[in-house]
Amino acid sequence: MNQKKTSRISPSAEAPAQPRPLMRTAGSGIGLVLVTLLATFVYLALFQVPAANEARIKDYAQQQAALLAGNVAVRVRHVQARMRHYVQQPEVRRVLAPDEAGQDAWQVNPSIAFPEAVTARLVALGPLGIARLSIAQVGALNNLEKDLLVRISRAQPQPPDGYQSGQQALVSLAEPVAEEGASHSEGALLVTLPADYFARNLLGDDDGQVQLLQRLERRNQEFLSSGTRGVRGTVEVAVPGTQWLLVYTPSASRLASLSADVGILWVLFGLCAVVALISILLTGRQLMAAVAHDLALLRGRDGEAFVLPGFAEFHAHLKASQVAPGARGAAKPAVAEPSPAAPTVEVREEAEAPIDLPTTIFRAYDIRGLADQQLSDAVVMRIGMAIGSEALERGQQRVLVAMDGRLSSPRIKEALVRGLRSSGRDVVDIGEVATPLLYFATHRMDTQSGVMVTGSHNPAEYNGLKIVLAGRTLSGPDILALKTRIEQRNLSSGKGSYREADIRRDYLDYILNDVAIAQPLKVVVDAGNGITGALAPQLFQELGCEVVSLHCEVDGNFPNHHPDPTVADNLRDLIKAVKAEGADLGVAFDGDGDRVGVVSASGQIIPADRLLMLLAQDVVARNPGADVLFDVKSTRHLNAVISNYGGRPIMWKSGHSFMKDKMAETGALVGGEFSGHIFFNERWFGFDDGMYAAARLIEILSTSEPDLDAQLAAFPSSVSTPELKVAASEEAKFAIVDRLIADHPFQDGKVTTLDGLRADYSDGWGLVRASNTTPALVLRFEADTEEALARIQSQFKAALSAVDPALEFGF
C-alpha cells in the first residue's frame, strides 16, 4: 500500500514526458496572445483606421471648402466695392444723361478702371427700365447681362452670374447708378470678368479640385473647374453673397497625406508573430530544462533550489507528510526573495546640473528677461526641455521655432533648439520672421505648436519666448508650470530631428488672396528697425499700395527709436514722413510685428481702441450679432458703437494670450487691445498680427473713404490719456492692486476687477492694473471733459497713495 503511494510520487520512466502539458499551456497562452493581436490588427486595419481616415478627410475637406468659398466671396465683394466706388463719381451720372442734341455721351471709359475685365460698360436706363444703347460704341449685351439690367430696373438684388461663353468661363456683375432718393436707376455699370479671376491661386498644384456652379431653378450649372481631382472626399458649400456653389475634392496626393497607412499594422503584426514564435521555442526549451532539473531534485539530489513554483510546493507538501506529528507546524514559512529593484534610469547631465532660474522671467503672457543676465544658454536650454516635455503631454511631436532681429536672438534660439531636441521633439526652424508668421505657420503646417524668440517691444537688452502648444498660446499658470517642471526635473528625454522651412511666401499669398484694394493708397511703413522691416513693405507693395519705407532695415540695436508704437515719441518720424510724402496713411509696428500703430494723413495718432471702432463696424456690418472683444484699457464708447451696429461688445483682460483664449472661447470675429494687438477671426485665424490688421484697414479705406480722419469723425470721442506708468517693483505691484481692490475706495463708481481695478462713472472712467511685462502700475483715464478727467485722476492718485505713500506720479 505504502509502496504504491510512493511509486506515484517517485520519478518513473514517464517522468521526462511531464513538460508536454506545460508546453501546451505556455503555447496556448502565447497562441491566445497571437489571436488577440491578430483580431486587434484586423479590427484596426479594416474598420478603425479607415473610419478615422474618412473622418479626417471629411473634416479637412469641409474646412478647406469653407475657406475657399470665403476667399471667393471676398474677391466678389472687392469687385462690387470697386464698382460702387466708381458709380459714385459725379462724372459717371453726367455721361449717362443725354446731351442737348439727344446723343449719348461716353467720355468716361470704365475699362480703364477695370483693366482686368473682358468688358466694362455703362448702360443708360430710361424711367421704364429701357436701355438706351449705342451698339457701335457699347457692344451687344448677352442675355445674362440683359437679365442683370432687368433686375436693376426692378430694384431686385444683383448677385453675380457665372456662365460659359464658348470656351471661356465668365462672370458678369452689375451696379446701379442712381441719385439718392431717385425712383429709378439712371443706368448701370456692367463688368464681365474671367471666372478664374475669382478662383485664381486658391489651390496649390496638388491640393485638389475646385468647381464653381451657378444655382439655377432646375439644375446647377458648372461654369469653372480647376485643379486635380481625387476619388473621394467631395464637399459642396455655398459661396456667401452669390448664387454659387463651390465644390471641393481633395487630390489623390492630398488624400494620401491625410490617410494613415494600414500596411504598417500588418508589418507590426508580422513582427509580433515572429517574436511570439521565438518566445514559444525559447520558453519550451527553458521549461523542459526546468522540469528536468526539478524532477532530479525530487529524486533526492539536494543543495539546489527548485526552479518551478509548482514543484517547490509539491516538495514542501511531501516533506511535511514525512515529518513526525509532534514536529508539524514547527517549519517556518518560506519567505519570498525580494525582487531586484528596477534599474535606475540615468538622468541626463543637462537636466541634473544646477542652474540659477530667475522667477521673474516667467510672466503672465510669456517668458521675458534680460538676455545676457537672465536668459543664459543653460536656462534657455532647460526651458526648451520643459516646453518639449509639455508638448509631448499634449500630443505634439513637432515644434516650430522662429526668432526676431535682436542681437541675442540667434544664441537664444540655438539653446532653445537644443533643449527641444533633447526632450525628443522634432524641430522645424522657420528662421528670422515676425511673430505672426510663427502663429500663421502653426495653422498652415503639420503642427500646432511653436516657440518665438522675441523681446517684443522691450528695449534691445531684453529677449524672451512666446509659446504656442497644441494651438493655444501659453499664459498664466501654464507659464509657471514650465518653471515647476524644471524645478522638479519632470523632463522627457530623446533625440529629436531638425530641419528648416520658409513660410514667408505662403503668408504673403494668403493675405493677397484675402485682401484686395479698390484704389491704390500711399502708405508710409515704419518698422522701427524691427523684424517686420524684412516683409511689411513687400506685402503692401504687392497689395497695390505705393509704399514709403522708414527704418525698415532690421537692426537689433534699434538705432532710430524704440520699437513700441503705443508711445507717441516713437511715432514722430512716421508723422513727419506722412506729412512730407502726402501719404494717405502711416503704419508702425513693434519689434516682433504683432502690434500696429496708425497715423492718419493729417498726422494724427489713432489710438487702437478708436481704430477698433472702424474695424468692428466693417466686420459687424457683414456679420450681424457678431461678438467683438476689447480689453479693460479701451474706451467705453466701444460698447455703444458695437451695439449700435448690431454686434455684442465683450470686455476682457489685457494681454495677447488672454485675448486669444477669449477669442477662441466666444468665437468673436474681431478684437483689439489698447496696446495695438488686433485679432481677426473673420477671414483669419484669431491671432494678433499688425501687418494683417493694417492690410484690413487699407482695404476699408480703399473701398469707401480714404480719409481716415473723416471716417473716425463719425464715432463718439472723449478726452483721454495714453497709458500712464507708475514705477512699482515686481514684488509690490500686484500687492498694491490687491490692497486697492480690498479697500474699495470708489464707492460712487461702478467697479470692475476683471483685470486690476476699473471704476466707471457717468462722465468717465479710470483704471489701474499691474503691468505683466514691466515693474510698474499702468493707469488710464477717459472722461467727457478735462475737469472730469482731472477729478477721476485725483481720486485714483489719492487711493493709491493711501495704499503706498512712496508711489510717485508723473501726472
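Would you work out which of Thr752, Phe734, Ser718 lies farthest towards the positive end of the dipole of segment 713-759? Charges go on Cβ: Lys and Arg +1, Asp and Glu -1.
Ser718
Roughly speaking, what is the stretch gain from Asp59 to Gln488, that is 0.36 nm per residue apart minus the C-alpha to C-alpha distance, in nm to one decimal?
150.5 nm
Could you work out the local net charge near Val751, counting Lys and Arg as +1, Asp and Glu as -1, over the other residues with Cβ closer than 12 Å to its Cβ?
Every neighbour counted, the sum reads -1.
Once label points are set 7 Å from the Cα along Cα→Cβ at both Arg215 and Ser165, what is their separation, rounded to one decimal in nm?
For Arg215 paired with Ser165, the spin-label model returns 2.5 nm.
Once you have the alpha carbon radius of gyration of segment 695-774, what is it after dividing by 2.2 N^0.38 Å, with N set to its residue count?
1.57
Suppose the chain between Arg739 and Leu512 were pulled fully straight at 0.36 nm per residue; how much longer would it get relative to their current alpha carbon spacing?
Here the answer is 76.7 nm.
First obtain the Kirkwood hydrodynamic radius of segment 712-752 from its Cα pairs, then insert it into the Stokes-Einstein equation at 10 °C and 1.306 mPa s, and state the resulting D in µm² per second as a whole number.
Estimated via Stokes-Einstein, D reaches 117 µm²/s.
Using a 7 Å offset from the Cα along the Cα-to-Cβ direction at both Ser497 and Lys750, what is the distance between the two label points in nm, to one decimal?
The modelled label-to-label distance comes out at 5.7 nm.
I'd like the FRET efficiency for Asp569 and Glu730, computed as 1/(1 + (r/R0)^6) with the beta carbon distance as r and R0 of 25 Å, rounded to 0.05.
So the FRET efficiency works out to roughly 0.50.
What is the sum of charges around Arg215, taking Lys and Arg as +1, Asp and Glu as -1, for the other residues whose C-beta is under 15 Å from the C-beta of Arg215? Let's see the in-between values first.
Values: positive: Arg218, Arg219; negative: Asp147, Asp161, Glu217, Glu222, Glu236.
Neighbourhood net charge equals -3.
So which GluC sites (Glu not before Pro) in segment 152-244 end up in coil per DSSP with only 15 or fewer other C-beta atoms within 10 Å?
Taking segment 152-244 and a limit of 15 other Cβ atoms within 10 Å, the loop GluC sites (Glu not before Pro) found are Glu179, Glu180, Glu217.
Give me, ordered by chain and number, the residues 5 or more places off Gly187 or on other chains with an amide H under 5 Å from its own placed amide H.
It is Leu125, Val177, by chain and number.
Could you list which residues have their amide H under 5 Å from that of Ala169, counting only those 5 or more apart in sequence or on another chain, with H placed in the peptide plane?
For Ala169, whose amide H was placed from the backbone, the distant partners under 5 Å are Ala195.
So for the pair Leu807, Arg229, with labels modelled 7 Å out along Cα→Cβ, what separation do we get in nm?
A separation of 6.9 nm, rounded to one decimal place.
Given the Cα-Cα distance of Glu179 and Asp372 and 0.36 nm per residue of separation, how much length would full extension add, in nm?
62.8 nm
Take Ser257, project a point 7 Å from its Cα along the Cβ direction, then tell me which residues of segment 389-429 have their backbone nitrogen under 15 Å from it.
none
Here is the link list: Lys576/Lys660; Lys413/Lys483; Lys660/Lys733; Lys483/Lys653; Lys483/Lys633. Which ones come out longer than 27 Å on Cα distance?
From the list (Lys576/Lys660; Lys413/Lys483; Lys660/Lys733; Lys483/Lys653; Lys483/Lys633), the Cα-Cα distance tops 27 Å for Lys576/Lys660; Lys483/Lys633.
Taking H as built 1.01 Å from N, whose amide H comes closer than 5 Å to the amide H of Ala583, not counting residues under 5 places away?
Correct list: empty.
I want the local charge near Lys579. Using Cβ-Cβ distances under 15 Å, sum +1 for each Lys or Arg and -1 for each Asp or Glu among the other residues.
Around Lys579, the surrounding residues sum to -3.
What is the calculated FRET efficiency for Ser717 to Ile355, with r their C-beta to C-beta distance and R₀ = 51 Å, to the nearest 0.05?
Given R0 = 51 Å and the Cβ-Cβ separation, E is 0.50.
When a/c is below 1.5 the answer is rounded, else prolate if a/b is larger than b/c, else oblate, so apply that to segment 492-600 with a ≥ b ≥ c taken from the square roots of the Cα gyration tensor eigenvalues.
Oblate shape, in that a/c is at least 1.5 and b/c is the bigger or equal ratio.
Once you order the gyration tensor axes a ≥ b ≥ c over the Cα atoms, which shape class does segment 736-781 get: rounded for a/c under 1.5, otherwise prolate or oblate by comparing a/b with b/c?
Values: a/c = 2.62, a/b = 1.51, b/c = 1.74.
It is oblate, given that a/c is not under 1.5 and a/b is not larger than b/c.
Throughout, read-outs are computed from the coordinates displayed, never taken from laboratory work. In this text, all values refer to a predicted model and were calculated from it rather than measured experimentally. FYI the Cβ positions are ideal-geometry reconstructions off the backbone, even for glycines, and counts take in every protein chain you see.
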